[in-house]
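> Here's a structure for you.
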Amino acid sequence: MALNLAEALSSIETQAEAADWRAAIRLAGAGLVAGGATTDAYTDEMIAAVEKHGPYMVIAPGIALAHSRPSPAVLTGGLSWVSLATPVEFGNAANDPVTLVIGLAATDHEAHLQVMQALAGVLSDSAAMKRLAVAATADEVRAVLGELAAAA
Amino acid sequence: MKIVAVCGMGIGTSVLLKMNAEKVLAKLGIDADVEAADMGVARGAAQTAEIVLTSEELAEELGDVPAQVIVIKNFFDLEEITEKLTAAVE
């Protein structure tokens, strides 16, 4: 059985409202803070990363992987999940608009590889992603992720 | 063959891209070493790599390197990665 991504998630928020991409990243950042993974400074660092490098974090249609680099603002590392009720434009021509923001924090470049493998498995499963996008509650998200881990 | 997967931070996007590129390379039977790197490291690594995998925004930021730069739109579309890698190694 593969790592259950639900266990790696610091927080799960479903059908959230965000006015723009900054607000969407703030939600993902707040989830990391609530889970004890990062401080508020990391949220600002994630936004600064997009301002500096552009919206490349929108890595697949509808999916943004918000993250910055390891820093003192990262306490333990973690992952947060925010699905949006109303899709948000990040300015990525190929993959806008975004309906799912994953917040990622890591303490170093190696420690989170198992989590990334589980994340890659989930995000590349288009049937599962359709179910996850419409999940109304955190429990529904956990249930789908649990099924995926058991089947892997 | 040396391939570098590049992202801004070296912990997220490039790691996912490296994982999916390795899957594709294994299927194609291509022996390659894929390294995930942030923009700073990549400018150096791209001098000795044959292929750089990255996104459109970062390809512009990376600028001119001797390696062949492949832009991937959907990091989870293994068909897109397969097609572009196959074309690049031929």
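Listed here are the residues, each with its yes/no results for (1) β-branched (Val, Ile, Thr); (2) surrounded by fewer than 21 Cβ atoms within 10 Å (Cβ to Cβ).
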position	(1), (2)
A:Arg26	no, no
A:Gly36	no, yes
A:Asp44	no, yes
A:Val58	yes, no
A:Pro70	no, yes
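> Could you list, in sequence order, the residues of the range A:130-144 that are touching a strand residue (DSSP E or B) at 6+ places or on another chain (Cβ under 8 Å), of a type outside the set (S, T, N, Q) and either assigned to a loop (DSSP other than H, G, I, E, B) or at pLDDT 90 or above (or both)? Let's see the steps before the verdict.
Going through the range A:130-144, the residues touching a strand residue (DSSP E or B) at 6+ places or on another chain (Cβ under 8 Å) turn out to be A:132-133, A:135-138, A:140-142.
If we keep only those that are of a type outside the set (S, T, N, Q) as well, we get A:132-133, A:135-136, A:138, A:140-142.
Of everything in the range A:130-144, those that are touching a strand residue (DSSP E or B) at 6+ places or on another chain (Cβ under 8 Å), of a type outside the set (S, T, N, Q) and either assigned to a loop (DSSP other than H, G, I, E, B) or at pLDDT 90 or above (or both) turn out to be A:Leu132, A:Ala135, A:Ala136, A:Ala138, A:Glu140, A:Val141, A:Arg142.
Yes or no, residue by residue, for (1) touching a strand residue (DSSP E or B) at 6+ places or on another chain (Cβ under 9 Å); (2) free of Cβ contacts under 8 Å to residues at least 40 places away in the same chain; (3) not β-branched (Val, Ile, Thr); (4) not in a helix (DSSP H, G or I):
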position: A:Thr14; (1), (2), (3), (4): yes, no, no, yes
position: A:Arg22; (1), (2), (3), (4): no, yes, yes, no
position: A:Gly31; (1), (2), (3), (4): yes, no, yes, no
position: A:Gly36; (1), (2), (3), (4): yes, no, yes, yes
position: A:Ala64; (1), (2), (3), (4): yes, no, yes, yes
position: A:Ala94; (1), (2), (3), (4): yes, yes, yes, yes
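> Counting just the residues of the range B:66-90 that are over 19 Å from B:Val15 (Cα atoms) and modelled with pLDDT of 90 or more, which one comes out surrounded by the most Cβ atoms within 10 Å (Cβ to Cβ)?
Filtering the range B:66-90 down to residues over 19 Å from B:Val15 (Cα atoms) leaves B:66-68, B:83, B:86-90.
Narrowing the set further to residues that are modelled with pLDDT of 90 or more leaves B:66-68, B:83, B:86-88.
Working: B:Pro66: 10, B:Ala67: 20, B:Gln68: 15, B:Glu83: 12, B:Thr86: 12, B:Ala87: 10, B:Ala88: 17.
That would be B:Ala67.
> Looking at A:Ala93, A:Ala28, A:Ala49, A:Ala60, which is the one that is more than 9 Å from chain B (Cβ to nearest Cβ) and of a type in the set (A, V, I, L, M, F, W, C)? Talk me through it step by step, then tell me what you get.
Numbers: A:Ala93 fails: more than 9 Å from chain B (Cβ to nearest Cβ); A:Ala49 fails: more than 9 Å from chain B (Cβ to nearest Cβ); A:Ala60 fails: more than 9 Å from chain B (Cβ to nearest Cβ).
Among A:Ala93, A:Ala28, A:Ala49, A:Ala60, only A:Ala28 is more than 9 Å from chain B (Cβ to nearest Cβ) and of a type in the set (A, V, I, L, M, F, W, C).
> Sort through B:Ala46, B:Ala42 and tell me the only one that's under 25 Å from A:Ala105 (Cα atoms), small (Gly, Ala, Ser) and crowded, with 18+ Cβ neighbours inside 10 Å. Spell out how you get there, then give the answer.
Values: B:Ala46 fails: under 25 Å from A:Ala105 (Cα atoms).
It is B:Ala42.
> Would you confirm, using the coordinates I've provided, whether A:Val82 is surrounded by 18 or more Cβ atoms within 10 Å (Cβ to Cβ), closer than 19 Å to A:Thr14 by Cβ, without any contact (Cβ under 8 Å) to a residue 12 or more places away in the chain and more than 10 Å from chain B (Cβ to nearest Cβ)? Even if it seems obvious, please write down each step before you answer.
On the way: surrounded by 18 or more Cβ atoms within 10 Å (Cβ to Cβ): yes; closer than 19 Å to A:Thr14 by Cβ: yes; without any contact (Cβ under 8 Å) to a residue 12 or more places away in the chain: no; more than 10 Å from chain B (Cβ to nearest Cβ): yes.
When the stated conditions are applied, A:Val82 does not pass them.
> Can I ask one more? Do we find a residue being among the aromatic types (Phe, Trp, Tyr) and in a helix (DSSP H, G or I) anywhere in the range A:40-59? Please lay out each step first, then the result.
Residues of the range A:40-59 among the aromatic types (Phe, Trp, Tyr): A:42, A:56.
Cutting the leftovers down to in a helix (DSSP H, G or I) gives us A:42.
Yes, the range A:40-59 contains at least one residue that is among the aromatic types (Phe, Trp, Tyr) and in a helix (DSSP H, G or I).
The values are calculated or read from the model by the stated rules, or taken from the named source; none is laboratory data. Here the structure is a predicted model, which is why all the values come from computation and not from measurement. Positions of Cβ are generated from backbone atoms using ideal geometry, with glycine treated the same way; all protein chains shown enter the neighbour counts.
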